Amino acid sequence: MTQFSGEGPTLASLGAFPREVYPVGRLDKDSEGLLLITDDKWLNHHLLNPRFGHQRTYYVQLEGIPTPEALKQLQAGVVINVDGKDYKTKPSIAKILDPVPQLPDRNPPIRFRASIPDTWISLTLIEGKNRQVRKMTAAVGFPTLRLVRFSMEKINIAGMQPGEILELDEKTVYHQLGLTGFAKAATSPNSGKGNRRS
């Protein structure tokens, strides 16, 4: 689970982290991939506030072979349920991944049906509603089997293994997130000493 306490394996299971760090956003228990962990309150606010859209790309294994029409629907935006209300997603970038991404095996593995083909797509969003990717692919008729958050802007998990931690300095993180043109307030409540991805 993408938290430091609770039942089952948590972030604390990965080893010792500096005090006062926390994950920026979450991955649900059925999802995998990039998680940014930081003590930088300004960065956390900027990445989670809907006013400031930033690209996050997911590698998504779908049940079936999506039609060109389904991909166009994902790109244009589809209606999903958010907090009991209809919500049309913002435009996205959706394309079939060929060849399929080389990712570590999932534990536990996804359900497998020999009679039904599957397809990997990349889906790039600028927003992050609860279980949005799963809801979007279901809305166009192709349920999600496996979901991996591959990147946030230019920060990605290429070559990394599950549970692996990479520490990045603030300058690198801000540059790769495209935030170098933004000035943090001089009175920022903390110094943003470091950021980690896992």
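Can you show me the helix-derived [θ] at 222 nm for the chain, built from DSSP H runs with n ≥ 4 at -39,500 (n - 2.57) apiece and divided by the number of residues, rounded to the nearest 500.
On the way: 4 runs with 32 residues, N = 198.
Mean residue ellipticity at 222 nm (helix-derived): -4500 deg cm²/dmol.
Take the chain, connect every pair of alpha-carbon atoms lying under 10 Å apart with a spring to form a Gaussian network, then pick out the residue of L43, L168, L145 with the largest mean-square fluctuation. Residue with maximal mean-square fluctuation among L43, L168, L145: L168. Among the listed pairs K29/K129; K95/K135; K90/K171; K29/K95, a Cα-Cα separation exceeding 23 Å is found for K90/K171; K29/K95.
For segment 55-152, go through all pairs of different Cα atoms, get the mean of 1/r, take its inverse, and jot down that Kirkwood value in Å. Walk me through the numbers before you get to the answer.
On the way: mean 1/r = 0.0727 Å⁻¹.
Hydrodynamic radius (Kirkwood, Cα only) of segment 55-152 equals 13.7 Å.
Sorted on the mean count of surrounding Cβ atoms within 10 Å across their residues, most packed first, peptides 150-156, 8-14, 56-62 read 56-62, 150-156, 8-14.
Across the chain, C-alpha contacts under 8 Å between residues 6 or more apart give a mean separation that, scaled by the residue count, equals a relative contact order of 29 percent.
Listed values for segment 147-164 are Karplus-derived 3J(HN,Hα) couplings in whole Hz (6.51 cos²θ - 1.76 cosθ + 1.60, θ = phi - 60°), namely 10, 10, 6, 8, 8, 10, 6, 9, 7, 9, 9, 3, x, 8, 10, x, x, 6, and x replaces Gly and Pro.
Any read-out appearing in this document is the output of simple, stated calculations on the displayed coordinates, not a laboratory observation. From a predicted model like this one, the values you see are computed outputs, not experimental measurements. Methodologically, a virtual Cβ is constructed for each residue, glycine included, from the backbone with ideal geometry; neighbour enumeration extends over all protein chains shown.
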